[in-house]
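Have a look at the structure below before the remarks.
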Amino acid sequence: MKEKMKSLIGFPVAENAYKVDLELQDRYTAYSSEILRLDLLGIAGYGFLLKDIVLANPSAFSQRVHDMWAFLILGIVSLGVSAILALQHRVSATDCVSSIAAFIRKSESGRKAEAEDDRDALRATLKKSAFLLRASVILLAIGAGCVVLTFCYVLWPINR
């Protein structure tokens, strides 16, 4: 019969063993929060363009918006997916912290084999987290470019 392991909850860990990791995680989550904020700002910009400008004067702007339909769709989808990835990054970053805590506790309690499993899980989670953040930034750039391009095309003075 397998021996029951003692719980690691409440196992004392020196603060300096994890403090740097928490500070770094806090900076990464702040960065993904800014990405999310910019994504939502871009989505709100599209809403403003369509509701307050185009629908307020459809005769002047409807054809110009129709000309940019591909950029409208690409921009809104890019910003939406970027926001989703930024939120998922925050979950992944939190998973990293839990893996770090488990690794430290298991290492200090003498469970070296289990600690190595947690180290491997941490590496995989860090790679996933980095991918999510990079993809979110790239999609934010695409979405922001589409917002700017659409605004410029639709609102540029029309020669009549």
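Structure values in brief
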read-out	value
Given (1) modelled with pLDDT of 95 or more; (2) out of contact with any helix residue (DSSP H, G or I) (no Cβ under 8 Å at 6 or more places or on another chain), index of the condition Arg160 fails	(1)
Among residues of segment 77-109, those that are more than 30 Å from Arg134 (Cα to Cα), open to solvent by 40 Å² or more (accessible area, probe 1.4 Å) and of a type in the set (Gly, Ala, Ser), counted	1
Top-ranked residue of segment 62-76 - restricted to ones that are open to solvent by less than 40 Å² (accessible area, probe 1.4 Å) and of a type in the set (A, V, I, L, M, F, W, C), ranked as nearest to the chain's Cα centre (by Cα)	Leu72
Residue check, Ala115 in a helix (DSSP H, G or I) and either more than 12 Å from the chain's Cα centre (by Cα) or free of Cβ contacts under 8 Å to residues at least 24 places away in the same chain (or both)	yes
Exclusive hit being within 26 Å of Tyr31 (Cα to Cα), in contact (Cβ under 8 Å) with a residue 12 or more places away in the chain and part of a helix (DSSP H, G or I), set Ala83, Ala124, Ala141, Ala130	Ala83
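The values are calculated or read from the model by the stated rules, or taken from the named source; none is laboratory data. No experiment lies behind these values; they were computed from the predicted model shown. So basically every Cβ, Gly included, is an ideal-geometry build from the backbone, and we count neighbours across all protein chains shown. The area values use the complete protein model at the heavy-atom level, side chains included, leaving out ligands, DNA and RNA. Shrake-Rupley method; radii C 1.70, N 1.55, O 1.52, S 1.80 Å.
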